[in-house]
Every structure is written in C-alpha cells, then in structure tokens.
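Notes follow the structure.
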Amino acid sequence: MLLVSNLQAGYDETMILQNVHLELPKGKIVGLLGRNGVGKTTLVKALMGLLPVSNGTIRFEENEWKKERPEARARAGMAYVPQGREIFSDLSIRENLLLGMEALPKSLRSTSIPQEIFQWFPVLEEMIDRKGGDLSGGQQQQLAIARAIISNPKVLLLDEPMEGIQPSIVQLIQDVLVKISSEKDMSILLVEHNLDAVIACADQFYILDKGQMVMNGNCNDINEDDLQRHLAV
Ligand SMILES: Nc1ncnc2c1ncn2[C@@H]1O[C@H](COP(=O)(O)OP(=O)(O)OP(=O)(O)O)[C@@H](O)[C@H]1O
C-alpha cells in the first residue's frame, strides 16, 4: 500500500532521516517506535507531503509521490492525525466531523455523519454539540481520529495518539484501530513511544534511531530485551 525506500529528509541544511525504508501493507497496523527526537514526526510529515524529500521514494499504491501537496495526498486516501490532535476548539464535534468529510470528492460527501463513527466512539454522539475545546484530552483524541477516518482513507498516519490519555481510553482507541484496519482494510502507521500499545494492536513494528531504521519485524516475535536496547533513554 505504502512503500518508502532510501528516504532522506530534514529541515533546511539539517538532514534528519537517512536511507529510511518502511513498508505499510494493506489492512495492517505498523508501529513506529523510537526515543524522543529520532525523527518519527519528521518521517510522518514527509509521507504526508508537509516536508520536502531530498532523496529516495515514497510509493502509494501505483503512484510515486514526489511534490504532491498534502491536500492531494488526502484526496488520494491518506489521512493524518498530528501529535497534539489539532482539532478545531471553537467548532462543535459535529462541525469538526463534517469538516473531516471535505477530504472526500464532492459527489461522496454527505450532510450527515455516518453512524459507524458513533459505534466506534459513542461519546462523540453523546456530546455532538459540545465544542472541541471543551472536551477532555481523551475525547479530543477520539474526535481527531474520527475526523480522520470519516473520509474512509486507505492509509491512516497517527502521531502518538495515546500520549497523555487515560488507560481506559487507550484501550478503546487500540480496539477501534484493530477493528477499522480489518473491517475497512485500512493501513495504519502508529507512531508510539509506548511499546505496550504497539504490542497490543500492531502487526509489525519498526524502530527508528538517529534518523535510521535499526530494527523491524513481526509483533508476534518481539524480543523485548532487543527492543529496549533501542528504546531505553
Ligand atoms: N521545524 C524544524 N526545524 C528544524 N529542526 C527540527 C524541526 N522539527 C524537528 N526538528 C528536529 O528534527 C529532529 C527529529 O525531530 P522529530 O520531531 O521528527 O522527532 P520525534 O522522533 O518525532 O520526537 P518525539 O518523540 O519527541 O516527538 C529533532 O532533532 C528536532 O529537533
């Protein structure tokens, strides 16, 4: 679905990512782990077209992404939930969700919110007219994910969705991710610090260290000692 080869990207003169390889198969959840500042967000931004790529390739289905803008990537089926969520605080849950449908072609847009969104995240229906800024952190994160998946993307990029969220909501988000990846055949890249969250819901994992992929594999075969070597601060 998404294949990254030899990717090099960074900010102005500072290269952060070096020869990065990553494969996100259709309908699978891939965890991207790494310590603070190793380049996880930089990679996600490069995939979404928010940062230029200096070298290497990003293939999405049959296309090679080069200079396509984020809006074009969104229309083609990529959705992104940035770290810190970035929901619209002054808009209601309903208005935030309706804005999420803007990524769909006009002919597919609806004026009503698909019921499945509320089956996954019931609290959003209960509080539908409440402003985004008046929600708890966990409720805002549910809204941010719901807004991203409302357009039925093929690929969902999530940057640390469990950060600062209480355990019961972490569990709910993990369960929803597993459900939508299998029911909708959605490919999910889950950027995480938290190894337990990746083990709980991902199929495969990658570890980034100082801008390079140092380890990857299947979550069923994780050797936690090896992983901790790369993740310990
Ligand atoms: N806009 C920017 N301009 C210059 N350097 C930046 C910019 N944003 C990030 N960096 C640097 O790029 C490096 C990688 O940052 P990045 O945010 O990708 O790491 P990360 O792995 O996502 O970290 P965290 O887990 O803390 O979010 C860091 O050294 C950071 O200081």
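The values are calculated or read from the model by the stated rules, or taken from the named source; none is laboratory data. In this text, all values refer to a predicted model and were calculated from it rather than measured experimentally. All Cβ positions, even for glycine, are placed from backbone atoms using ideal geometry, and neighbour counts span all protein chains on display. Ligands, DNA and RNA are excluded from the accessible area calculation, which covers all protein heavy atoms including side chains. Shrake-Rupley method; radii C 1.70, N 1.55, O 1.52, S 1.80 Å.
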- Task: Sort out which residues of the stretch 1-43 are part of a loop (DSSP other than H, G, I, E, B) and more than 18 Å from the chain's Cα centre (by Cα), and write them in order of number.
- Result: ASP12, GLU13
- Those residues that are among the hydroxyl-bearing types (Ser, Thr, Tyr) and either in contact (Cβ under 8 Å) with a residue 40 or more places away in the chain or buried (at least 23 other Cβ atoms within 10 Å of the Cβ) (or both), I need them from the stretch 125-169; list them, please. SER151
- Query: Counting only residues that are over 14 Å from the mean Cα position of the chain (by Cα), open to solvent by 30 Å² or more (accessible area, probe 1.4 Å) and within 12 Å of the ligand (Cβ to nearest atom), which one in the stretch 185-211 is nearest to ASP175 (Cα to Cα)?
  - Reply: ASN194
- Message: Yes or no: the stretch 79-97 includes at least one residue that is within 16 Å of the ligand (Cβ to nearest atom), closer than 29 Å to ASN220 by Cβ and basic (Lys, Arg).
- Response: no
- Among the residues of the stretch 8-58, which ones are surrounded by fewer than 17 Cβ atoms within 10 Å (Cβ to Cβ) and closer than 12 Å to TYR206 by Cβ? HIS21, GLU23
- Residues satisfying the stated conditions in the stretch 21-48, i.e. over 18 Å from LEU227 (Cα atoms) and either touching a Pro at 6+ places or on another chain (Cβ under 6 Å) or within 13 Å of the ligand (Cβ to nearest atom) (or both): THR41, THR42, LEU43, VAL44, LYS45, ALA46, LEU47, MET48
- With the checklist (1) part of a loop (DSSP other than H, G, I, E, B); (2) more than 12 Å from the ligand (Cβ to nearest atom) in hand, flag the one item THR57 doesn't pass. (1)
